[in-house]
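Undergrad: If you scroll down you'll find the structure; I have some questions about it.
None of the figures in this text is laboratory data; all of them are computed from the coordinates on show. Not measured: the values here are computed from a predicted model. Note that each Cβ is placed from the backbone with ideal geometry, even for glycine, and that neighbours are counted across all protein chains shown.
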Amino acid sequence: MAPSFLFTSESVTEGHPDKIADQVSDAILDAILGQDTKARVACETFVTTGMVVIGGEITTNGYVDMPDVVRSTLKSIGYTD
């Protein structure tokens, strides 16, 4: 008898919190690397209604205004309120 296995995968659509969090994390990474190419970034983003939390470790000689990056990213993906 051939061995059996179960394969699963997850797919999320536009507007899903995971997609939003990925966009914010990517924007933070890009902003930091734009100032310091040797920066080390381990950034996690958590989103819920009306709130974004950034966590992790960032080592850089640059400065990024995180609230500004978050707000501009949300605005660029269609969240205007």
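Undergrad: Could you work out how far apart the two model spin labels at Ala39 and Val53 are, taking each label as a point 7 Å from the Cα in the direction of the beta carbon, and quote it in nm?
TA: According to this spin-label approximation, the distance is 2.2 nm.
Undergrad: Where in the range 1-48 are there trypsin sites (Lys or Arg not before Pro) that are in a DSSP coil and have at most 15 other Cβ atoms within 10 angstrom of their Cβ? Intermediate results must be reported in sequence, preceding the final value.
TA: Details: sites: Lys19, Lys38, Arg40; in loops: Lys38.
When the trypsin sites (Lys or Arg not before Pro) of the range 1-48 are filtered for loop state and at most 15 Cβ neighbours within 10 Å, Lys38 remain.
Undergrad: Taking N as the number of residues in the chain, what value does Rg over Cα atoms divided by 2.2 N^0.38 Å take? Let's see the in-between values first.
TA: Working: Rg = 16.7 Å, N = 81, 2.2 N^0.38 = 11.7 Å.
Here the Cα radius of gyration is 1.43 times the empirical estimate.
Undergrad: Measure nothing but the geometry: give the 0 to 90° angle between the long axis through the Cα atoms of 17-35 and the longest principal axis through the Cα atoms of the chain, rounded to 10°.
TA: Computed tilt is about 40 degrees.
Undergrad: Top mean-square fluctuation among Ile32, Ile58, Ile20, Gaussian network model of the chain, C-alpha springs under 10 Å?
TA: The residue with the greatest mean-square fluctuation here is Ile58.
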